[in-house]
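Below is one structure, written out as structure tokens; comments come after it.
What follows is calculated from the coordinates using simple rules that are stated; it is not laboratory data. Remember, predicted model here, so these are calculated numbers, not experimental data. Cβ coordinates were reconstructed from backbone atoms using ideal geometry, including for glycine residues, and neighbour counts include every protein chain displayed.
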Amino acid sequence: MAAAVFAPLLAPHDPLRGDLRGAYLMAPGTNHLLGTDSQGRDVLSRVLFGARISLMVGIVSQGVAALVGVTMGLVAGYYGRWVDAMIMRLADVTLAFPTLLLLIAIAAAIDPPLVLVFVVIGAVGWAAMARLVRSQALVLRETEYVIAAKALGADGPRILLRHLLPNVRAQVIVATTLGAAGAMMAEAALSFVGLGVKPPTPSWGGMVADGRDLLRVAPWVSVAPGLALGLTVLGFNLLGDGLRDRRPKDLRT
């Protein structure tokens, strides 16, 4: 995350321009720590700037997924009956579609801008969040303090915001952290097949695709962004596991 934020300060070269001396497919060395690609561009600089795309997709997509999923889950769990049935059937339909194939179809059909791709990734991920929040809301609506709030005349929106939402925050934080890793993988897959970030903007998935035919002569072109993506996803998964292992009260403020 720090590398993404401070990429302009950390990158030793321009990630979009090749070496003017024609240093194409140069092996890692003192001038280019991770070597150069087929166009003479510094791989390390492109990996650092590619981290910005991964960070952005994690924040934007999971923000959308959390906003939609938490809202739908709370409403379904609290009100129940036909409202619950309708929202859960919509979630079932969303989960029935293979996420990656759905993203590829949308990206190929309308050629959306980058931010819209991130929003779509989050939009197709709302269903899992909604089911998680709904299960918590079903339990919380039967607690004494919610029943007392109803007896005192509190309306539905007030109960959702003041009593249910704070008590599902811990689960939402964990799910969002784990979901960010999946969103990064989805964006990398789209970029790998040419439907994500458009060249010459650096993207880890696109960089892996650029070097797939050079694995025997210049493996660093694909290996460096591949390792960066793998380590980042691993880091988010470990963070999510760590948050999940903590007691819910430790995540409250």
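Here the extension length gained between Gln39 and Ala189 equals 51.8 nm, from 0.36 nm per residue of separation less the Cα-Cα distance. Hydrophobic, long helices, defined as DSSP H runs whose alpha-carbon span along the helix axis is 18 Å or greater and whose mean Kyte-Doolittle value is at least 1.0, occur in the chain at 43-79, 169-192. For the listed peptides 49-60, 2-13, a ranking on the average number of other beta carbons within 10 Å per residue, highest first, reads 49-60, 2-13. Multiplying the residue separation of Leu102 and Val223 by 0.36 nm and removing their Cα-Cα distance gives an extension gain of 40.8 nm. When its C-alpha radius of gyration is set against 2.2 N^0.38 Å (N residues), the range 78-192 gives a value of 1.31.
Its Kirkwood hydrodynamic radius, worked out from the mean inverse distance over all distinct Cα pairs, puts the range 40-93 at 13.7 Å. Contact order, relative form, for the range 42-251: 28 percent (alpha carbon pairs under 8 Å, 6 or more residues apart, mean separation divided by residue count). Placing +1 on the Cβ of every Lys and Arg and -1 on the Cβ of every Asp and Glu, with no other charges, gives the chain a dipole of roughly 620 debye about its Cα centre. The stretch between Leu16 and Met86, if pulled fully straight at 0.36 nm per residue, gains 20.4 nm over its current Cα-Cα span.
Each principal axis of the Cα cloud of the chain was evaluated for its coordinate range; sorted largest first, these ranges are 77, 40, 25 Å. Applying 1/(1 + (r/R0)^6) with R0 = 22 Å to the Cβ-Cβ distance of Phe6 and Asp245 gives a FRET efficiency near 0.15. When Rg and Dmax are taken over the Cα atoms of the range 1-140, they come to 21.4, 69 Å. The Cα center of the range 21-95 and the Cα center of the range 202-238 differ in position by 15 Å.
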